[in-house]
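Contents: one structure, followed by commentary.
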Amino acid sequence: MKKIAVLTSGGDSPGMNAAIRAVVRCGLDRDMEVFGIKNGFEGLLDGEIEPMNRYSVGDILQRGGTKLRSARSARFMEDKWVDHGAEMLRTFGIEGLVVIGGNGSLKGGLELSKRGIKVMGVPGTIDNDLGYTDYTIGFDTAVNTVLDAITKIRDTSSAHNRTTIIEVMGRDCGDIALFSGLAGGAEYVVVPEKPFNINEIAVKILDGVNKGKLHSIIIKAEGSPMSADEMAKYLGEHTGKDTRVVVLSYLQRGGSPTLMDRNLATLCGAKAVELLAEDSESKAVGIVDNQIVAFDLEDALKQTREFNEEMYHLIDVLSK
Ligand code: F6P
């Protein structure tokens, strides 16, 4: 394979730039021509495709966001546009594509693979919601951002004897809430994977008050059923405690990637190029038990994520 391309798609995540850098430099090292596609699948459809050299990816390893920029493409959901995307790649002579993105983006890649393009999926999303990989690129940075916020919010919550509900991202996956909740010593995490009873949370808050706790921190995943404002209203009324809401929102997507994210991105990017060089069938690259792995793309996307019950249980035990 002589010509390959790389794009980033969907919500950006810290570490995407490290993955782009690895794809470009490892590709050049194997005497390939490497193209960058701007604005994800949208840019592919519009032919925003440019050759990259090793200097195009200089000074980006440490930056959040994505040098190639990203988009959510409504057009790419339609077959006729996927056909057009595959044709566009053929026009440029590109046989292999690295798609860096989340579930929807890797599914877009799968559609291209059905049209004869070799596609390697690299898991770039803060959500950690892909079943085939233990971690996705950007998750570690995002949870560290949340953790920093929890630490700060704790100070002021204690000073004012408040309950604070911190809403975090993750779409339908509770991992950002779960991991940051455990590390941040939250009283309760509310996640889409587990049913919850708002009254139980009220009882736990009051129990904590009786034990002398100065604050209560609830981490609520955005995909959980009740809104943060509804929760705050209920908990305020039923505990008598001043209850505030903090929505961390897009803060979680930015910032310089952590060591974990940079190295995961770099290793996955390098693996994707290695597979393209071998002319491998389309694969999804990830990490399982600390080893970089690659699975058949279609099979990988069918795998569902297992919720970590042990961590969920520990949060309860440790915050009693
Ligand atoms: O998938 C990443 C993510 O940040 C989710 O956590 C969130 O639900 C969504 O993207 C927000 O998407 P948008 O950038 O389109 O508002």
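Quick notes
- Prolate/oblate/rounded call for segment 120-201, Cα gyration tensor, a/c under 1.5 rounded: oblate
- Against the compact-protein benchmark of 2.2 N^0.38 Å, the Cα-based radius of gyration of the chain scales to 1.09.
- Here segment 140-253 was treated as a single set of alpha-carbon atoms; its pair distances binned every 5 Å from 0 give 2, 14, 25, 26, 20, 10, 3, 0 percent.
- Net length gained if the chain between Glu298 and Asp59 were fully extended (0.36 nm per residue, minus Cα distance): 82.6 nm
- Taking the average, over residues, of other Cβ atoms within 10 Å as the packing measure, peptides 236-245, 66-75, 175-184 rank 175-184, 66-75, 236-245 from highest down.
- Nearest-ten-degree value, helix 103-113 long axis tilted from longest Cα axis of the chain: 20 degrees
- Working from label points 7 Å from Cα in the Cα-to-Cβ sense, the Asp31 to Leu318 distance is 5.3 nm.
- Within segment 1-132, DSSP assigns beta bridges of which about 15% are antiparallel (rounded to the nearest 5).
- When both bridge partners sit in the chain, DSSP labels roughly 20% of those beta bridges antiparallel.
- Tilt relative to the chain, helix 175-184 - C-alpha long axis, 0 to 90 degrees, to 10: 50 degrees
- Principal-axis analysis of the Cα atoms of the chain puts helix 16-29 at an angle of about 20° to the longest axis.
- Applying 0.36 nm per residue to the separation of Ser158 and Glu310 and subtracting their alpha-carbon distance, the gain on full extension is 51.9 nm.
- Segment 208-275 shape via C-alpha gyration tensor axes, a/c threshold 1.5: prolate
- Karplus-based coupling profile of segment 75-85, in residue order and whole Hz: 4, 5, 7, 9, 3, 4, 7, 5, 3, 4, x, with θ = phi - 60° in 6.51 cos²θ - 1.76 cosθ + 1.60 and x standing for Gly or Pro.
- Segment 243-320-segment 45-109 distance, computed between alpha-carbon centres (Å): 20 Å
- Computed E for Glu230/Asp172 - FRET, C-beta separation, R0 22 angstrom, nearest 0.05: 0.70
- Cα gyration tensor, segment 1-90 - rounded (a/c under 1.5), prolate or oblate: oblate
- Residue order, fewest to most beta carbons within 10 Å, for Glu298, Glu309: Glu309, Glu298
- Listed residue pairs exceeding 32 Å between alpha carbons, taken from Lys152/Lys283; Lys38/Lys302; Lys152/Lys233; Lys80/Lys194; Lys152/Lys211; Lys67/Lys114: Lys152/Lys283; Lys80/Lys194
- Segment 47-108 - Debye-derived log10 I(q)/I(0), Cα point model, q = 0.29 Å⁻¹: -1.41
No value in this document is a laboratory result; all are computed from the given coordinates. These numbers were taken from a predicted model, which means no experiment stands behind them. A quick note on method: Cβ atoms are made from the backbone with ideal geometry, for glycine too, and the neighbour counts reach across all protein chains shown.
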